[in-house]
Amino acid sequence: MGKEAVTSFDVAQRAGVSQSAVSRVFSPGASASPKMAEKVKKAADELGYRPNVLARSLITGNSKIIGLVVAYFDNQFYPEAVEKLSKALQVEGYHVLVFMASNGDNIDKLMQDLLDYQVEGIVLASVAVSSDLAARCDAVGVPVVLFNRRQDDDRFSSVTSTNYEGGRKIAEFLIAGKHERIAHIAGWEGASTQRDREAGFMSKMEEEGVTLFAREVGNFQFDETQEATRQMFNRDIVPDAIFVTNDHMAIAVMECLRDEFKLKIPQDVSIIGYDDVEIASWPSFSLTTIRQPANRMVDATVSTLMKRIRGEDITPQKIEIDSPLMIRKSARVPHKWVEE
């Protein structure tokens, strides 16, 4: 038979106080004298008592829980971002409930599970959602902020880097470097980050009168990206520069070109990624890439969510944070190029 749970009534008896006094001691923001708090906590420790946070949330209507939905951890950008998001939300006094999803999952079903936990807010990290879900969240008063994704639905707030401008910067850099056969390996085409980065990239290419030499899709997957690289380079004429939609895929391209095709980077082909994950700066890769400012993106996400939870600013916002080009050794540097 399991051990019988210790209740607040047991603690009150041991401490010689009322049950409501125990409740005040374990309720954030409630008033309790230091002497009473010390007495109650001592009794609780002796008995092994832990307050039932979920039960209390049913009474107060405040769960102090934020739902965080993450699409995948393969991309090294997300473990770092999720850690930063979790810490920042904890500083605000919230617990974080993490749900894993994927691009093919039924996000509406998963979100319903989150709402069943009575979360006070939701952060969707690189997850696309339906307009029906937006209406449902609005109906129950749960604010949603998209992190590193945007949605055309104006009811959602979102925080991204300047993906469109980032794509333009990459095209400008490669064109200035006198590359003649510029290619692109795309991520999952349903992602707003993919669409915006490629749109910016192509807009600058078209302005300069440069035709895209080749395009393949890697779907943000390492193996698929390597296969896309083989498709590009098993030809008589191959690219001399590739913009890869994120660093995770760019690393896959670099390893494939070095190991299987015995090409030198950037002497034979320049590679540029997007995100600036930690591994991008390692000497073995030294990847030129666009930096997504994770700290600033996290700060903006948490600030936006807290304002909406407190009712201070209920107008959805589309926040874009500037992303600099980090010049390293994986791409030919244009003559007299001035680094940002």
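Observations
- Lys178, sole failed condition from (1) in a helix (DSSP H, G or I); (2) open to solvent by 10 Å² or more (accessible area, probe 1.4 Å): (1)
- Consider the stretch 27-44 and keep the residues that are farther than 16 Å from Arg14 by Cα and at pLDDT 80 or above. The one that is most open to solvent (accessible area, probe 1.4 Å) is Pro34.
Here is a yes/no grid of residues against (1) without any contact (Cβ under 8 Å) to a residue 24 or more places away in the chain; (2) outside any loop (DSSP other than H, G, I, E, B); (3) of a type outside the set (Ser, Thr, Tyr); (4) in contact with a helix residue (DSSP H, G or I) (Cβ under 7 Å, 6 or more places away or on another chain):
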position	(1), (2), (3), (4)
Lys262	yes, no, yes, no
Asp268	no, no, yes, no
Ile271	no, yes, yes, yes
Phe285	no, no, yes, yes
Asn295	no, yes, yes, yes
Ala300	no, yes, yes, no
Ser303	yes, yes, no, no
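- Remark: Asp275 falls outside the filter, which requires a residue to be modelled with pLDDT of 95 or more and surrounded by fewer than 18 Cβ atoms within 10 Å (Cβ to Cβ).
- Subset tally (residues that are in a helix (DSSP H, G or I), out of contact with any Cys (no Cβ under 8 Å at 6 or more places or on another chain) and basic (Lys, Arg)) for the stretch 205-259: 1
- Residue satisfying condition, being modelled with pLDDT under 85 and aromatic (Phe, Trp, Tyr), within set Tyr117, Tyr78: Tyr117
- Matching residues in the stretch 327-338 - criterion: being open to solvent by less than 40 Å² (accessible area, probe 1.4 Å) and either within 24 Å of the chain's Cα centre (by Cα) or of a type in the set (A, V, I, L, M, F, W, C) (or both): Ile327, Ala331
- Residues (touching a residue at least 40 places away in the same chain (Cβ under 8 Å) and either surrounded by 16 or more Cβ atoms within 10 Å (Cβ to Cβ) or assigned to a helix (DSSP H, G or I) (or both)) located in the stretch 80-94: Glu80, Ala81, Val82, Lys84, Leu85, Ala88, Leu89
- Which numbered condition Phe222 misses (of (1) free of Cβ contacts under 8 Å to residues at least 60 places away in the same chain; (2) within 29 Å of the chain's Cα centre (by Cα)): (1)
- Among residues of the stretch 45-56 that are modelled with pLDDT under 70, those with a beta-carbon under 8 Å from a residue that is open to solvent by 60 Å² or more (accessible area, probe 1.4 Å) at least six positions away or on a different chain give the pairs Val53/Lys64; Val53/His95.
- Counted residues, the stretch 189-204 - those being of a type outside the set (A, V, I, L, M) and either in a loop (DSSP other than H, G, I, E, B) or touching a residue at least 60 places away in the same chain (Cβ under 8 Å) (or both): 5
- Residue check, Phe220 open to solvent by less than 50 Å² (accessible area, probe 1.4 Å) and modelled with pLDDT under 95: yes
The values are calculated or read from the model by the stated rules, or taken from the named source; none is laboratory data. Since the structure is predicted, the reported quantities are computational estimates derived from the model, not experimental observations. Glycine gets a Cβ as well: all are built from the backbone with ideal geometry, and neighbour counts include every protein chain shown. Quick note on the areas: whole protein, heavy atoms, side chains included, nothing else; ligands and nucleic acids left out. Shrake-Rupley method; radii C 1.70, N 1.55, O 1.52, S 1.80 Å.
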